[in-house]
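Each value in this text was obtained by applying a stated rule to the coordinates, not by laboratory testing. The model shown is predicted, which means the values in this text are computed figures rather than measured ones. Please note: Cβ atoms are built from the backbone with ideal geometry, for glycine as well, and neighbour counts cover all protein chains shown.
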Amino acid sequence: MRKLQFFIPLALFLGLAVFLFSGLFSNPRDHGSALVTQPMPQFSLPNLTEPSRLMTNADLKGKVYLLNVWGTWCATCNAELGFLTTLRQQGIEIIGLYYVQPPEAAFGERFDMTALQQEVSRKLAEQGDPYQFNMVDEKRSLIFDLGVTGAPETFLVDASGIIRHHLVGDINEQNWPALHTQYQALLAPAPAANSTAATDAKNNAGGQGE
């Protein structure tokens, strides 16, 4: 009994130490989103520069891209724009998902698309424009479906529309190399199973002809 009384506190201490040690060296930016390996939620959102045009999942079908959640109200997002613009210049496909903060109705505020267009245009002219296009999530529908907790956040999506990575915080020189490796891997063509099957069929046909 005395030995048991000694080992229980020791086991609890060791368990706590392991937990704290793993947390110390984990990367809090790499978010274990439940949506990783899941399809992108369905969406239909207006294009910021052409609001009458609704962007849907179909517009991104077959593309590997980064979906970057951002807003001009977000200081970290603004600081991130320059680095993201460099990535776009290197051929990285980046789609913007603009996080609209809810207006203060009590103070007479309301959503104004024209004012937002002007604000975003001015900010991108100053900091750089990394986006193929921006979608405006006024009702925060896709924001909620993605489980976004703030901005910036970025999702890596493959050509089949499957979410492969979720990064909380900005993309920068420190974390980009690992994310870039994943991005490049998704661009690589999959093994040509059909080509192998076709080769086997051709060989079989040749053997039958002999």
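Along the Cα→Cβ direction, 7 angstrom out, place labels at Arg122 and Ala188. What is the inter-label distance in nm?
4.7 nm
Cα centroids of the range 43-85 and the range 136-166: how far apart, whole angstrom?
10 Å
Counting other beta carbons within 10 Å of each Cβ, put Leu66, Leu35, Leu97 in order, fewest first.
Listing Leu66, Leu35, Leu97 from fewest to most nearby Cβ atoms yields Leu35, Leu66, Leu97.
Rounded to a whole number of µm²/s, how large is the Stokes-Einstein D of the range 27-188 at 20 °C and 1.002 mPa s, given Rh as the Kirkwood radius over C-alpha pairs?
Stokes-Einstein gives a translational diffusion coefficient of 134 µm²/s.
FRET efficiency for Gln42 and Gln89, Cβ-Cβ distance as r, R0 = 35 Å, nearest 0.05?
Taking R0 as 35 Å, the efficiency between Gln42 and Gln89 is 0.65.
Take Ala79 and Leu54, extend 7 Å from each Cα along the Cα→Cβ direction, and tell me the distance between the two endpoints in nm.
3.8 nm
For Phe83, Phe43, Phe144, which order do you get if you count the other beta carbons within 10 Å of each Cβ and list the fewest first?
With the fewest neighbours first, Phe83, Phe43, Phe144 line up as Phe144, Phe83, Phe43.
Percent antiparallel among DSSP beta bridges with both residues in the range 27-188, to the nearest 5?
65 percent
Which of the aspartates and glutamates could be linked to Lys63 by a straight reach, that is with a Cα gap under 14 Å, when you skip same-chain ones fewer than 8 residues away?
Output for Lys63: Glu93, Asp158.
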